[in-house]
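> Starting off with a structure, shown below.
The values are calculated or read from the model by the stated rules, or taken from the named source; none is laboratory data. If you're wondering where the values come from, they're calculated on a predicted model, not measured in any experiment. Every residue, glycine among them, receives a Cβ derived from its backbone with ideal geometry; neighbour counts consider all protein chains shown. To get the accessible areas, we keep the full protein, side chains included, count just its heavy atoms, and leave off ligands, DNA and RNA. Shrake-Rupley method; radii C 1.70, N 1.55, O 1.52, S 1.80 Å.
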Amino acid sequence: MKIALYGGAFNPVHNEHINLVRAAAEELGLDKVIIIPTAISPHKRTSMTASGRDRLQMCRLAFADLQNTEVSDYEIKRGGISYSYVTCRHFKKLYKDDELYFIIGADMLHIFEFWKEPEEILKCVTLAVCAREDKNALGADIKNFTKTFKKEIVTFSYVGKAVSSSRIRAVAALGEDTREYVPEAVRKYIKNRNLYSLPEVRGVKKYLTQSRWEHTVRVAEAAAEQSRAAGVFEIDAIIAAALHDCAKYLSENAEELKGFSPPKGVPSSVMHQFGGAFMAEKVFGIKDENILNAIRYHSTGRENMSRLEKLIFLADLLEDGRSFNGVENLRKIFRRDINECLFAALEHQIEYLNSTGEEICPLTQRAYNYLKENYGK
């Protein structure tokens with residue numbers, strides 16, 4: 001038989017996982033695909049991880065109607081960090097007379113040589129690589145792989161939507177519906193078990209207009225997706241994003257702002273960031289100063305920003321609903337280098353404010369000057 005192993009955190013499993021398995025089975029003529037949720041992934045760490053039991057059950061629900069699939073609890077039962085070479089050895093012993101494949105994405109092929117014991121994996125399985133979006137990049141990675149390991153791989157041509165589990169976790173954390181991303185049975189499971197819920201942000205929606213709430217959700221999605229690359233805990237990114245505009249529509253006499261002292265010399269257009277930090281602490285109980293500062297400076301920036309501050313500033317500016325000139329280029333830079341993007345974004349903001357004659361907040365100017373001096377821009 002031709003059997004493929006497909007591992008991952010599946011945190012949560014989503015529609016693109018299912019579509020990928022279906023495409024691999026059809027194109028490669030597989031007799032069976034074994035889906036293996038990790039116990040602890042060596043590649044991904046997040047504070048928003050559902051339990052192994054929950055992830056296993058979501059996989060069983062997601063793949064229940066897909067023929068010739070099996071969900072294995074091997075790595076969950078084994079516990080600890082889930083290394084692929086150990087898993088591949090295990091299944092090679094079980095299926096010693098069968099043809100084994102190991103499904104990975106093109107992004108994983110790019111870094112495969114840095115996995116733990118890659119040669120051991122290749123003794124047990126043949127890699128089956130999903131092309132994803134950039135087929136040209138895949139060709140270069142295949143060439144490098146065959147040169148390094150003297151092994152062949154197989155590919156299948158599925159190109160799915162750009163959906164990440166981090167985006168789904170952000171949506172669920174804010175209490176929004178995940179049906180766009182996951183099968184109905186998984187959606188109900190997430191909702192019924194209150195997975196990924198963050199009590200710290202419960203109730204913030206009532207302070208915002210519908211359009212501002214939709215913006216807030218998009219900021220949380222962008223922040224969650226870039227949190228790992230930014231070196232930020234995902235949970236902190238989502239909390240800061242969810243609360244960043246919480247005071248935007250409150251009057252200065254609102255009960256929630258009782259005791260708040262507005263800073264002097266700050267344009268009224270950005271005053272809500274300071275009120276938001278005050279409200280996040282007093283109303284929502286946030287005590288983490290890094291999260292509070294990310295809210296406090298999300299519109300203006302400041303000198304020597306923390307990683308979380310940079311992330312929220314850029315997620316707010318570049319979320320999917322923004323459509324100003326140059327936003328796509330900034331998004332590309334955002335995915336590549338957060339400091340380079342922050343400098344480019346501040347430069348863009350200052351140029352725009354100068355062109356319109358609007359007041360530039362001193363914090364923004366100092367943030368720009370700081371980056372220009374310290375990063376040699």
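> Count the lysine pairs in the range 185-269 whose Cα atoms sit under 21 Å apart, keeping only pairs 8 or more residues apart in sequence or on different chains.
Within the range 185-269, the lysine pair count is 8.
> With the crude spin-label approximation of a point 7 Å out along Cα→Cβ, what separation in nm comes out for N144 versus K77?
3.8 nm
> Relative to the longest principal axis of the chain, what angle (0 to 90°, nearest 10) does the C-alpha long axis of helix 84-94 take?
30 degrees
> Right, next: For the Cα atoms of the chain, what angle does the longest principal axis make with the long axis of helix 234-243, in degrees from 0 to 90, nearest 10?
On a 0 to 90 degree scale, this one is about 40.
> What shape does the range 186-256 take by its C-alpha gyration tensor, where a ≥ b ≥ c are the square roots of the eigenvalues and a/c under 1.5 counts as rounded, a/b above b/c as prolate, and the rest as oblate?
It comes out oblate by the Cα gyration axes.
> Another one. Could you give log10 I(q)/I(0) at q = 0.16 Å⁻¹ for the range 256-306, computed by the Debye formula over C-alpha point scatterers of equal weight, without solvent?
-0.43
> Now, a different point. Can you tell me the relative contact order of the chain? Whole percent, Cα pairs under 8 Å, sequence separation 6 or more.
In percent, rounded to a whole number, it is 12.
> Along its three principal axes, how long is the chain when you only count alpha carbons? Whole Å, largest extent first please.
75, 47, 32
> Something else now. Out of A241, A64, A223, any idea which swings most in a Gaussian network model of the chain, alpha carbons joined below 10 Å?
Top of the fluctuation ranking is A64.
> In the range 1-29, which residues have a backbone nitrogen under 17 Å from the label point lying 7 Å from D98's Cα in the Cα-to-Cβ direction?
1-7, 21-22, 24-29
> Would you list which lysines come within 30 Å of K150, measuring only between C-alpha atoms, while excluding same-chain residues fewer than 8 positions from it?
Candidates past the 8-residue exclusion: K2, K32, K44, K92, K93, K96, K116, K123, K135.
> Under a point spin-label approximation (7 Å from Cα along Cα-to-Cβ), what is the K161-K282 distance to one decimal in nm?
Taking the simple label geometry, K161 and K282 are separated by 4.2 nm.
> Would you kindly enumerate the cysteines in the chain that have no other Cys beta-carbon under 4.7 Å from their beta-carbon?
Cys with no partner Cβ under 4.7 Å: C59, C130, C246, C341, C361.
> For the range 275-377, what is the convex hull volume of its Cα atoms per residue in Å³?
Per-residue hull volume (Cα only) is 111 Å³.
> Something else: For the pair D337 and N369, how long in nm is the line joining their label points, each one 7 Å along Cα→Cβ?
So the two model labels end up 2.4 nm from each other.
> For a quick check of understanding: with a 1.4 angstrom probe and all protein chains in place, what accessible area in square angstrom does D54 have, to the nearest ten?
10 Å²
> In the range 1-77, what is the volume of the convex hull around the alpha carbon atoms, normalised per residue and reported in Å³?
So the per-residue hull volume is 89 Å³.
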